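Visitor: Below: one structure in structure tokens.
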Amino acid sequence: MLAQASPWHTHALQRTAAGLAEPLAVPARMEWTTRPGQGPGADVLGPDLHGKRLLELGCGPGHNAAHLATRHGSHITGVDLIGLQVRRARSHYGRLTNLIFVAGHALHYLQASEEQFDAIYSVFGAIGLVTPELLLQAIAQRLAPGRVLAFSVPHPERGGRSPSGDDRPRRDYVTLPDRTRLPIARWEFSMARWEKHLSRAGFRLTSAQEFRDPLMGHWPTTLLLRARKL
Ligand SMILES: C[S@@+](CC[C@H](N)C(=O)[O-])C[C@H]1O[C@@H](n2cnc3c(N)ncnc32)[C@H](O)[C@@H]1O
């Protein structure tokens, strides 16, 4: 059974088995990188997020969504492919207001929705794991001109790799809590290739930042991009 499950399901299953998903305190910061406390916080999404409608694609256990709903008064929808992750997120933060967690594929959720958002974001979430040509177009449909899309992805040069030379996905691995690795497909684009895809979908890239983590050697670990809908 597990051999056929999504690696993200197996990941969530191992996390859940490791401990009960209990109510958690709301994180004090929004995290975009692999190293907590590093880099910008919620300000990437805009200066005043109070009352803003935000969508997170691939929210996992919901820490960033909880931060935005509670500390910034935003209205958040967190979508995750894996029902078990959504259950975890609800156990951690389901008591909070202005916050809902939905199980579903990011692309299908966007395509099935008529809703407009003030910003859409992903932190090592669905962006980079779903065909960018389709996902960025679908995101663009849900944002009015001037609205923000921000996302972080594992840096394409982490550990000495090189970014993809074409638009196809590459083999990557999810490392499970028990340290085994399961294969996934990931789009490993350079900044310039992301910019090209963003531009085709109707976005202008407004910032690109890379971050390092001393524990992970001298290569950059995280790429954080921010764009505006044209
Ligand atoms: C590395 S985790 C990041 C979770 C969270 N954003 C965080 O920073 O803690 C990636 C998450 O993306 C979800 N995911 C993968 N593919 C997805 C898709 N197509 N649609 C929605 N969520 C997806 C996985 O289930 C997983 O919870």
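Just so you know, all these numbers are worked out from the coordinates, no wet-lab data involved. The model shown is predicted, which means the values in this text are computed figures rather than measured ones. Counting neighbours? That spans all protein chains shown, and the Cβs are built from the backbone with ideal geometry, glycine included.
Visitor: Relative contact order, percent, of the chain when contacts are C-alpha pairs under 8 Å separated by at least 6 residues?
Guide: About 19 percent, as a whole number.
Visitor: So for the pair S207, Q141, with labels modelled 7 Å out along Cα→Cβ, what separation do we get in nm?
Guide: Inter-label distance under the simple model: 3.0 nm.
Visitor: Local charge sum around R71 (other residues, Cβ-Cβ under 14 Å, Lys/Arg +1, Asp/Glu -1)?
Guide: Working: positive: R29, K52; negative: E31, D43, D48.
In short, -1.
Visitor: Suppose only helical runs count, i.e. DSSP H with n ≥ 4. What mean residue ellipticity at 222 nm does that imply for the chain under -39500 (n - 2.57) per run, divided by all residues and rounded to the nearest 500 deg cm²/dmol?
Guide: Rounded to the nearest 500, it is -7500 deg cm²/dmol.
Visitor: Here's a follow-up. Among G160, L134, P47, which residue has its Cα furthest toward the positive end of the charge dipole of segment 20-167, with +1 on Lys/Arg Cβ and -1 on Asp/Glu Cβ?
Guide: Sorting the options by dipole projection puts first P47.
Visitor: Over the chain, with a Gaussian network built from C-alpha contacts below 10 Å, which listed residue (A138, A17, A25) shows the highest mean-square fluctuation?
Guide: A17
Visitor: Stretched out fully, how many nm does the piece from R71 to H218 gain, at 0.36 nm a residue minus the Cα gap?
Guide: Length gained between R71 and H218: 49.6 nm.
Visitor: Within a Cβ distance under 10 Å of T16, other residues only, what is the Lys/Arg minus Asp/Glu net charge? Kindly include the intermediate steps, with their values, before the conclusion.
Guide: Numbers: positive: R15, R87, R88; negative: none.
Net charge in that neighbourhood comes out at +3.
Visitor: Taking the beta-carbon count within 10 Å as an exposure proxy, list H9, H155, H72 from fewest neighbours to most.
Guide: Starting with the residue having the fewest Cβ neighbours, the order is H9, H72, H155.
Visitor: Only sites in a loop by DSSP and with at most 10 other Cβ atoms within 10 Å count here; which trypsin sites (Lys or Arg not before Pro) in segment 70-135 make the cut?
Guide: Answer in residue order: R95.
Visitor: Let me ask something else. Using the Cα centre of segment 189-230 as the reference point, and only Cβ charges (+1 on K/R, -1 on D/E), how large is the resulting charge dipole? Debye, rounded to the nearest 20.
Guide: The calculated dipole for segment 189-230 is roughly 340 debye.
Visitor: Out of I120, I184, I76, any idea which swings most in a Gaussian network model of the chain, alpha carbons joined below 10 Å?
Guide: The residue with the greatest mean-square fluctuation here is I184.
Visitor: Build a GNM of the chain with springs between Cα atoms under 10 Å: which of H75, H108, H11 gets the top mean-square fluctuation?
Guide: Evaluated over the chain, the most mobile residue of the options is H108.
Visitor: What does the charge count around E157 come to, taking other residues whose C-beta lies under 10 Å from its C-beta (Lys +1, Arg +1, Asp -1, Glu -1)?
Guide: Neighbour charge sum, excluding E157 itself: 0.
Visitor: Which percent, to the nearest 5, of DSSP beta bridges fully inside the chain are antiparallel?
Guide: So the antiparallel bridges in the chain amount to around 50 percent.
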